[in-house]
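A.B. asks: Please find one structure pasted underneath; my questions will follow.
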Amino acid sequence: MILAWAVSGPLFGFSDTWQLLINTGTTIVTFLMVFLIQNTQNRDGAAIQAKLDELIRASAAHNRYIGIEGLTEEELDDLRARCASRAARDMPAELLDAADRAEDEADRKARAAAARAVGSTC
């Protein structure tokens, strides 16, 4: 289609109408592709959610998490906070120490990188 448009350019003298034709066509195709991609992503998300729900049902996980994708943003924030609190409470002391050491090491590396960056710009 684009090839036919390009070949027809000299016939129409590369007019504004000739350019408007391809602009309108590409806009319509782009608009339709957005809907197609969004529909595909929605189906993919629903399939993944169904798989996760089945894994929760088949495992020893808490069934109360099935269907949480329908919660409001505030409800999800509250749920995330409760999960983080429970994870921190249930985490063994060795893991907490390891996490603290990893955070300290990351901070040290970031400060060293920042110092190198400042030193190289002077």
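The values are calculated or read from the model by the stated rules, or taken from the named source; none is laboratory data. Owing to the predicted nature of the structure, the values given are computational and were not obtained by experimental measurement. Heads up, the Cβs are rebuilt from the backbone with ideal geometry, glycines too, and the neighbour counts pull from every protein chain shown.
A.B. asks: Quick test for you: out of T40, T26, T17, pick the one residue that is touching a helix residue (DSSP H, G or I) at 6+ places or on another chain (Cβ under 9 Å) and not aliphatic (A, V, I, L, M). Write out each step before concluding.
C.D. replies: Numbers: T40 fails: touching a helix residue (DSSP H, G or I) at 6+ places or on another chain (Cβ under 9 Å); T17 fails: touching a helix residue (DSSP H, G or I) at 6+ places or on another chain (Cβ under 9 Å).
T26 is the lone residue from the list that is touching a helix residue (DSSP H, G or I) at 6+ places or on another chain (Cβ under 9 Å) and not aliphatic (A, V, I, L, M).
A.B. asks: From (1) at pLDDT below 85; (2) assigned to a helix (DSSP H, G or I), pick out the condition that doesn't hold for E75.
C.D. replies: Tallying (1) at pLDDT below 85; (2) assigned to a helix (DSSP H, G or I), E75 fails exactly one: (1).
A.B. asks: Please verify whether E69 is surrounded by 10 or more Cβ atoms within 10 Å (Cβ to Cβ) and touching a Gly at 6+ places or on another chain (Cβ under 9 Å), treating the condition exactly as stated.
C.D. replies: Values: surrounded by 10 or more Cβ atoms within 10 Å (Cβ to Cβ): yes; touching a Gly at 6+ places or on another chain (Cβ under 9 Å): yes.
Spelling it out, E69 is indeed surrounded by 10 or more Cβ atoms within 10 Å (Cβ to Cβ) and touching a Gly at 6+ places or on another chain (Cβ under 9 Å).
A.B. asks: What number goes with the only condition from (1) of a type outside the set (K, R); (2) part of a helix (DSSP H, G or I); (3) within 30 Å of A46 (Cα to Cα) that A60 does not pass?
C.D. replies: Status for A60: all satisfied but (2).
A.B. asks: Give me the residue from region 1-27 that is assigned to a helix (DSSP H, G or I) and among the hydroxyl-bearing types (S, T, Y) and, out of that set, surrounded by the fewest Cβ atoms within 10 Å (Cβ to Cβ). I'd like the intermediate steps shown before the answer.
C.D. replies: Restricting attention to region 1-27, the residues satisfying the condition of being assigned to a helix (DSSP H, G or I) are 2-8, 16-27.
Narrowing further to those that are among the hydroxyl-bearing types (S, T, Y): 8, 17, 24, 26-27.
Numbers: S8: 13, T17: 8, T24: 10, T26: 13, T27: 10.
Residue satisfying both the conditions and the ranking: T17.
A.B. asks: OK, next. Here are some residues: A93, A98, A88, A46. Which one is loosely packed, with under 10 Cβ neighbours inside 10 Å and more than 30 Å from I2 (Cα to Cα)? Spell out how you get there, then give the answer.
C.D. replies: Values: A98 fails: loosely packed, with under 10 Cβ neighbours inside 10 Å; A88 fails: loosely packed, with under 10 Cβ neighbours inside 10 Å; A46 fails: loosely packed, with under 10 Cβ neighbours inside 10 Å.
A93 is the lone residue from the list that is loosely packed, with under 10 Cβ neighbours inside 10 Å and more than 30 Å from I2 (Cα to Cα).
A.B. asks: Then there's this: Residues that are in a helix (DSSP H, G or I) and either in contact with a His (Cβ under 9 Å, 6 or more places away or on another chain) or touching a residue at least 40 places away in the same chain (Cβ under 8 Å) (or both): does region 45-56 have at least one?
C.D. replies: Going through region 45-56, the residues in a helix (DSSP H, G or I) turn out to be 45-56.
In the following step, the residues that additionally are either in contact with a His (Cβ under 9 Å, 6 or more places away or on another chain) or touching a residue at least 40 places away in the same chain (Cβ under 8 Å) (or both) were identified as 56.
Among the residues of region 45-56, at least one is in a helix (DSSP H, G or I) and either in contact with a His (Cβ under 9 Å, 6 or more places away or on another chain) or touching a residue at least 40 places away in the same chain (Cβ under 8 Å) (or both), which makes the answer yes.
A.B. asks: Can you name the condition, by its number, that E54 falls short on among (1) exposed (fewer than 11 other Cβ atoms within 10 Å of the Cβ); (2) among the charged types (D, E, K, R); (3) at pLDDT 80 or above?
C.D. replies: E54 satisfies every listed condition except (1).
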